[in-house]
1. The conditions are (1) closer than 19 Å to residue 4 by Cβ; (2) touching a strand residue (DSSP E or B) at 6+ places or on another chain (Cβ under 7 Å), and residue 134 fails exactly one of them. Which is it?
2. If you check every pair at least six apart or on different chains, which have Cβ atoms under 7 Å apart with a residue in region 13-31 that is more than 10 Å from residue 58 (Cβ to Cβ) and in contact (Cβ under 8 Å) with a residue 60 or more places away in the chain first and a residue that is among the basic types (Lys, Arg) and part of a helix (DSSP H, G or I) second?
3. Among residues belonging to region 62-106 that are among the small types (Gly, Ala, Ser) and surrounded by 14 or more Cβ atoms within 10 Å (Cβ to Cβ), point out the one that is modelled with the lowest pLDDT.
4. Collect the residues in region 96-153 that are under 30 Å from residue 15 (Cβ atoms) and hydroxyl-bearing (Ser, Thr, Tyr), keeping them in residue-number order.
5. Out of region 105-121, which residues are outside any helix (DSSP H, G or I) and either under 15 Å from residue 143 (Cβ atoms) or touching a Pro at 6+ places or on another chain (Cβ under 6 Å) (or both)?
6. Only residues in region 145-158 that are farther than 15 Å from residue 133 by Cβ count as the first member; pair them with residues that are among the small types (Gly, Ala, Ser), Cβ under 8 angstrom, at least 6 apart or cross-chain, and list the lot.
Amino acid sequence: MNKVPLTVIGAEKLKQELHNLKHVQRPEVIQAISEARAQGDLSENAEYDAAKERQSFIEGRIADLEGKLSNSQIIDPSQLDADGRCVFGATVDLEDTESGHSVTYQIVGDDEADIKQGKISISSPIARALIGKSAGDMAEVIAPGGAREYEILDVRYI
């Protein structure tokens, strides 16, 4: 299996979610199943069916998170020394050459991506166009909305 790149913060969030699933949600759903069984006939018991479905989701998510964490490569952006190049974990200030609009993105793993927080996936078109470039370089992004060109203003490792 391939290594899953994660920032330190992203790995911690996945660990917290896994802990919550194992130690809070799993016991709750087991209790709900037990209570539903106590009601008798399971063939027409909607509470039992819902609890079993919820249990299936929780167990699947636990397996998914454990797999990702066991195959993760945790990268601390503050420890990077990439000579000012855009790499995984870097925070990049960009300016759209057409509109002049400035944006700041951090390049993160697929599970951490959240555009509202300025975190873009390493596999996104923008991140792929930025990787390896430095401040002052131009990056052409071929996205579903059309081609855009960005000037890289600054690259930070925070």
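The values are calculated or read from the model by the stated rules, or taken from the named source; none is laboratory data. All figures in this text were calculated on a predicted structure; none of them were measured in a lab. No Cβ is skipped: glycine too gets one built from the backbone with ideal geometry, and neighbour counts run over all protein chains shown.
1. Failed condition: (1).
2. From residues that are more than 10 Å from residue 58 (Cβ to Cβ) and in contact (Cβ under 8 Å) with a residue 60 or more places away in the chain, the pairs are 14/68.
3. Once the filter is applied, the top-ranked residue is 82.
4. Answer for region 96-153, where residues must be under 30 Å from residue 15 (Cβ atoms) and hydroxyl-bearing (Ser, Thr, Tyr): 104, 105, 121, 123, 124.
5. Selection gives 105, 109, 113, 120, 121.
6. 158/78
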